[in-house]
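The values are calculated or read from the model by the stated rules, or taken from the named source; none is laboratory data. It should be emphasised that the depicted structure is a prediction, and the values quoted were computed from it without experimental measurement. We place every Cβ from the backbone using ideal geometry, glycine too, and count neighbours over all the protein chains shown. Side chains are part of the model used for accessible areas, which takes the heavy atoms of the whole protein and leaves out ligands, DNA and RNA. Shrake-Rupley method; radii C 1.70, N 1.55, O 1.52, S 1.80 Å.
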Amino acid sequence: MCGISGIFGLERIDDPTRVIRLMNNRMEHRGPDADGVFVSDQVALGHRRLAIIDLNESANQPMTSHNGRYTLVFNGEVYNYRELRSELQYPFQTESDTEVIIAAWNQWGPAALQRFNGMFAFALWDEEQKELFLVRDRLGIKPLYYAEKDHSVLFASELRALLASGLVQKKLCKTALADYMRYQTVHAPDTLVEGVNMLMPGHYLKIADTETTTTKYWSISECVQRTSLSDADNKSQTRSLLSQAVSRRLVADVPFGAFLSGGIDSSLIVALMSQHQKEPVKTFTISFDESEFSEAAYARMVAEKYGTQHTEIILQPSTFLKDLPAALAAMDNPTGDGPNTFVVSRATREAGVTMALSGTGGDELFAGYEVFKRMEALRQRRWLLSFPKWFRNLGGNMIQIRKRGLASWKMAAVLSADYFDLEYLYWVSRLMLTDKRIKDVAHFPELPANKVFGAVAAEVGYGTPGFKLPFLSQVSIAETITYLQNVLLRDTDQMSMAHALEVRVPFLDHDLVEFVLGVPDRLKYPHSPKKFLTDCFSDLLMPEIVNRPKMGFTFPWQDWLRNDLRDFAGDSLSDLGKSSHFNPVGLQNLWSDFEKSQYGINWSRIMYIVTLQQWLAQNEIND
């Protein structure tokens, strides 16, 4: 795991080596083990290394092929590099997966991407063809940002690294701001900085003097394996694929462990790790004095069952208040949920662990969220479409009059839908504020089109391959391309890498994803969330873990924002109100509704706006 940066087109760049070092230095936290720069007549590449596989200096980057044609900077891991190495005709000088990427590209070209199993973002310079390839993994686990400046293209693992170059204007993107206000994140390819984009998951960008082309090499909806197996074989194959995914992610030359919340997903990862390694698994969990938020008791059960070396991080509000500025400062992109991962990542790294496995992705893949149940319930109520739209609109208006707030607004929006297919329903599921409320707190004469609607329609809308998939798989895809990729994975990367900790996510092994999305709905949600997953591993999961109430991994923000963090949040909203983009009266009304517990304004509707203000100020983003 590392940080990469680079520039294509050096003609108008003064001292490109200095610019690359500025970007590299901004990402020092991502790679404290080595720092490297490569500069030619057309391209400059930078790398910060966090050594995980082959710790020798010979594996440092940028790495150039034996024949001098290719130079690579790489962030991430290719888990099947040993298998690929045995197929390649190449004079290897290291034991690294980095060199395997170079050898694979040398032998197969871009077709090598179909063979890689891993999480990665890399840049590969072809000296012979004078072409630069920017590549991102299938599920978007590792980030990659880029910006065009005159006749140059800059790229980096972090948006802040691009800003550090001094070549990217620190100007707020108004369209992206609207997206953030709706969903507590900005969906790729956009960012909050005008002119800076993210490379989309499963894509590569080829840059040459004459043209720039983007190619999609993997699609989540098009690559699903429609299964005709028996129920028993579906379970057996899923069990085999997840076990293999965990095993692949245990290859490392540094100490490693696992995040353990005591939920189904993390407990199962720990159970499988214990089967694949001889030493006790090192596990880490957070506990709170507020027992209603603490999952520590469940985590202890799993730790005792599998004999792990368990670390419990007891978090006090006073401690968190002290650490909150550091957590917010670590955000390369603002969201409302990032500090969770920051705290557990820091404790994990302080315990001497450089790599950890996480259960992220289990809920999205195996129908673990309430949104799956809600979407299925709405689909079963298609009979509502038999009523005229004016009548449904009237019903929605009456619901809003009876009970003002986000929930009633969402119900009204669903009732007014033209169809009850997922693309017309899903966009309301993770909205943070209504469009009306957004216009109250921010200055938007007209809000731009909702990006989530378009993204979901492109993957599972009518006429797409995804439209023919099982309905719960369609919801999985919608969750993956929106919330998972643009909130959870982004937070995991930025908060873990703030402490130079690599996090691996077995549930997002693409072989597993492609298979499970083809499994029939009746196996996934007959009566309870993740039933299919728990059936597959009933021998490894204790009943207390399977049947426990779902809590999620969150801090007691509601209490903290009303007490310990009250002044901090209030001051942040006040500062944000001074921006030309925001209405101070609307922000004050939002805070007042939170304090009075009115209209569904809970902590999450406050914290993500507080986080936005902190991020804008720290990065000096201009109006």
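Quote the charge dipole size of the stretch 189-293 about the Cα centre in Debye, to the nearest 20; the model charges only the Cβ of Lys and Arg (+1) and of Asp and Glu (-1). For this selection, approximately 620 debye. Taking each of 322/439; 206/439; 174/206 in turn, the alpha-carbon distance tops 31 angstrom for 322/439; 206/439. Computed from point charges on the beta carbon alone (+1 for Lys and Arg, -1 for Asp and Glu), the dipole magnitude for the chain about its Cα centre is near 2040 Debye.
The charge dipole of the stretch 1-81, taken about its Cα centre with unit charges on the Cβ atoms of Lys, Arg (+1), Asp and Glu (-1) only, comes to about 140 debye. Working note: Debye formula, equal point scatterers on the alpha-carbon atoms of the stretch 487-559, no solvent; log10 I(q)/I(0) at q = 0.22 Å⁻¹ is -1.16. Straight-line cross-link reach from residue 578 at under 19 Å between alpha-carbon atoms covers these aspartates and glutamates, not counting any fewer than eight positions away in the same chain: 440, 567, 620, 623. Both radii are taken from the alpha-carbon atoms of the stretch 305-424; with Rh as the Kirkwood radius, Rg/Rh is 1.17. Once the cut-off is 19 Å, how many percent of the Cα-Cα pairs in the stretch 529-595 end up in the long-distance tail? Considering the stretch 529-595, 57 percent of its Cα-Cα pairs are separated by more than 19 Å.
Between the residues 197, 8, 234, the greatest Cα displacement towards the positive end of the dipole of the chain, with unit charges on the Cβ of Lys, Arg, Asp and Glu, is found for 234. Restriction of the trypsin sites (Lys or Arg not before Pro) in the stretch 202-249 to DSSP coil positions whose beta-carbon has at most 15 other beta-carbons within 10 angstrom yields 226. Can you send over the carbon and sulfur percentage of the accessible area for the stretch 323-431, probe radius 1.4 Å, protein chains only? With neighbouring chains kept in place, the figure for the stretch 323-431 is 58 percent.
Its Cα gyration tensor gives the stretch 187-241 an equivalent ellipsoid, and the semi-axes of that ellipsoid, as √(5λ) in whole Å with the largest first, are 38, 15, 8. Counting DSSP beta bridges with both partners in the chain, what percentage is antiparallel, nearest 5? Among the beta bridges of the chain, antiparallel pairing accounts for roughly 75 percent.
The residue among 452, 398, 470 whose Cα reaches farthest toward the positive pole of the charge dipole of the stretch 384-491, with charges on the beta-carbon of Lys, Arg, Asp and Glu, is 398. Once the 1.4 Å probe is applied to the protein heavy atoms, the stretch 29-108 comes out at 36 Å² accessible per residue.
Element breakdown for the stretch 1-146 at a 1.4 angstrom probe: carbon and sulfur atoms account for 40% of the accessible area. Across the chain, the relative contact order, built from alpha-carbon pairs under 8 Å that are at least six residues apart, equals 15 percent. Overall shape of the stretch 219-368 was characterised from the C-alpha gyration tensor. The equivalent ellipsoid obtained from it has semi-axes of 30, 19, 16 Å, in decreasing order.
Computed from phi, the 3J(HN,Hα) profile of the stretch 265-277 under the Karplus parametrisation 6.51, -1.76, 1.60 (θ = phi - 60°) reads 5, 5, 5, 5, 4, 5, 4, 5, 4, 5, 7, 9, 9 Hz, with x in place of Gly and Pro.
Phi-derived couplings, Karplus 6.51 cos²θ - 1.76 cosθ + 1.60 at θ = phi - 60°, listed residue by residue for the stretch 65-80: 5, 4, 9, x, 7, 10, 10, 10, 10, 9, 10, x, 9, 10, 6, 9 Hz, with x used for Gly and Pro. Solvent-accessible area per residue in the stretch 163-286 equals 38 Å², computed with a 1.4 angstrom probe and all protein chains kept. At the listed q of 0.18 Å⁻¹, the Debye profile of the stretch 507-623, built from one uniform point per Cα, gives log10 I(q)/I(0) equal to -0.88. Centre-to-centre separation between the Cα atoms of the stretch 220-236 and those of the stretch 352-429: 26 Å. Note on surface exposure: 69, 300, 18 rank 18, 300, 69 by accessible area, highest first, 1.4 Å probe.
When only alpha carbons of the chain are considered, Rg and Dmax amount to 24.0, 73 Å.
When each of the peptides 467-480, 55-68, 117-130 is scored by how many other beta carbons lie within 10 Å of its residues on average, the order from highest to lowest is 467-480, 117-130, 55-68. Excluding same-chain neighbours fewer than eight residues apart, the aspartates and glutamates reachable from residue 451 by a Cα-Cα span under 14 Å are 179, 190, 423, 435, 459, 479. Taking a straight Cα-Cα cut-off under 17 Å and skipping sequence neighbours fewer than 8 places away in the same chain, the lysines within cross-link reach of residue 278 are 305. Round to a whole angstrom and tell me the spacing of the C-alpha centers of the stretch 464-512 and the stretch 596-623. A separation of 24 Å, based on Cα centres.
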